[in-house]
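A quick write-up on the structure given underneath.
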Amino acid sequence: MGRKIAVMVIHGVGKQTPDFAARLTEMLFERCRPECGDDLVIESAYWAPVTQIEEDRLWQRVLEGGELDFLKLRRFLVDFMADAIAYQPTPNDRKMYDAIHSVLAETMQLLAVEAGPDAPLIIVGHSLGTIIASNFIYDLQMDAEKHLISEEVRAFMSDTPLEKGETLTSFFTMGSPIALWSLRYREFGRPISIPSPTLREHFAFLPGEWLNFYDADDVVAYPLKSLNKYYAGAITQDVEVNVGGFMQSWNPLSHLCYWTDQLIIERIAASLIATWRYLNLS
């Protein structure tokens, strides 16, 4: 048994189940185990219940308000669009923002226990999960300067390098709407730093990367390197993929099909194996 690698997987919008990442996790274990053995630790950040309870309450309230047409379509919009709307903090209310970030903090605390307090951290995010991951890592990277981590979130954190984001090595975004979120900022803003600026304090030469996987038929996902010079420098590669089966690969339903794409699994697994080799063979 060698040094371990910590992987956090974060889902996107819509109704999710606790096993949302089960198949991706299984495929990564199958691909990495022959070389990495049991040194890969994967945990899922399952934040869906945070918004689902309030979305269910909202749905009941609007149904009581009057007769509505297209109920199935409206419920679909509540389950998908409301996640993104609810997550955004307002000047006077960070309830949802902090509650979702608390799930990430708790997941990273679990990884620190299972993989080690200074284990390299890899994040895999899908859809809105890429926004959540980016915001949370930004808050961690800027906390010393701007004090962005709330006391609610800090209650789920210990003082370990992994939980402070210091060992963040690689970031894999799937079906990411970060390009759309960049409209909130002048000249489309600046991305988080991948690897973490403090990674070299723990692993002097550990390689890291940010791969952004997008399907051209997925209207939610976009390339990122072309946004501005900062993204051009931060993103290792925008990787175009064709995800999904016959019924999904040619249309926007492809947005739901990144989890088991073989090319994505191979690229992530190759990065995990390279990280393991650095830790245990160099």
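The values are calculated or read from the model by the stated rules, or taken from the named source; none is laboratory data. Being a predicted model, the structure only gives us computed values, none of them experimental. We place every Cβ from the backbone using ideal geometry, glycine too, and count neighbours over all the protein chains shown.
Pairs are defined by a Cβ separation below 7 Å, a sequence spacing of at least 6 or placement on different chains, a first member in the range 186-199 that is over 15 Å from F136 (Cα atoms), and a second member that is β-branched (V, I, T) and in a loop (DSSP other than H, G, I, E, B); the pairs so defined are L199/T167. Residues in the range 231-257 that are surrounded by 15 or more Cβ atoms within 10 Å (Cβ to Cβ), at pLDDT 95 or above and either of a type in the set (A, V, I, L, M, F, W, C) or in contact with a strand residue (DSSP E or B) (Cβ under 6 Å, 6 or more places away or on another chain) (or both): A234, I235, T236, D238, V239, V241. If I filter the range 85-104 for residues that are within 17 Å of the chain's Cα centre (by Cα), free of Cβ contacts under 8 Å to residues at least 60 places away in the same chain and outside any helix (DSSP H, G or I), do I get at least one hit? Yes: the range 85-104 contains one or more residues that are within 17 Å of the chain's Cα centre (by Cα), free of Cβ contacts under 8 Å to residues at least 60 places away in the same chain and outside any helix (DSSP H, G or I). In the set (1) modelled with pLDDT under 95; (2) part of a helix (DSSP H, G or I); (3) of a type outside the set (G, A, S); (4) under 25 Å from T107 (Cβ atoms), W59 fails one condition alone, (4).
Let's see how each residue does on (1) among the β-branched types (V, I, T); (2) in contact with a strand residue (DSSP E or B) (Cβ under 8 Å, 6 or more places away or on another chain); (3) surrounded by fewer than 18 Cβ atoms within 10 Å (Cβ to Cβ); (4) modelled with pLDDT under 95:
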{"residue": "M81", "(1), (2), (3), (4)": "no, no, yes, yes"}
{"residue": "Q88", "(1), (2), (3), (4)": "no, no, yes, yes"}
{"residue": "A115", "(1), (2), (3), (4)": "no, yes, no, no"}
{"residue": "V124", "(1), (2), (3), (4)": "yes, yes, no, no"}
{"residue": "I137", "(1), (2), (3), (4)": "yes, yes, no, no"}
{"residue": "G165", "(1), (2), (3), (4)": "no, yes, no, no"}
{"residue": "L168", "(1), (2), (3), (4)": "no, yes, no, no"}
{"residue": "W181", "(1), (2), (3), (4)": "no, no, no, yes"}
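Hey, among the residues in the range 1-25 that are without any contact (Cβ under 8 Å) to a residue 60 or more places away in the chain and not hydrophobic (A, V, I, L, M, F, W, C), which one's nearest to D79 (Cα to Cα)? Result: Q16.
Only a single criterion out of (1) surrounded by 13 or more Cβ atoms within 10 Å (Cβ to Cβ); (2) closer than 25 Å to L272 by Cβ is not satisfied by A99, namely (2). For the range 205-240, filtered to residues that are assigned to a helix (DSSP H, G or I) and touching a helix residue (DSSP H, G or I) at 6+ places or on another chain (Cβ under 9 Å), the residue that is nearest to E266 (Cα to Cα) is Y231. If the condition is being in contact with a Lys or Arg (Cβ under 8 Å, 6 or more places away or on another chain) and either among the β-branched types (V, I, T) or in a loop (DSSP other than H, G, I, E, B) (or both), then the range 113-167 contributes G116, A119, S150, M157. Here is the figure for the range 14-35: residues that are modelled with pLDDT under 95 and crowded, with 22+ Cβ neighbours inside 10 Å total 0. Against the definition (assigned to a helix (DSSP H, G or I) and among the aliphatic types (A, V, I, L, M)), how does L183 come out, yes or no? Judged against the criteria, L183 is a match.
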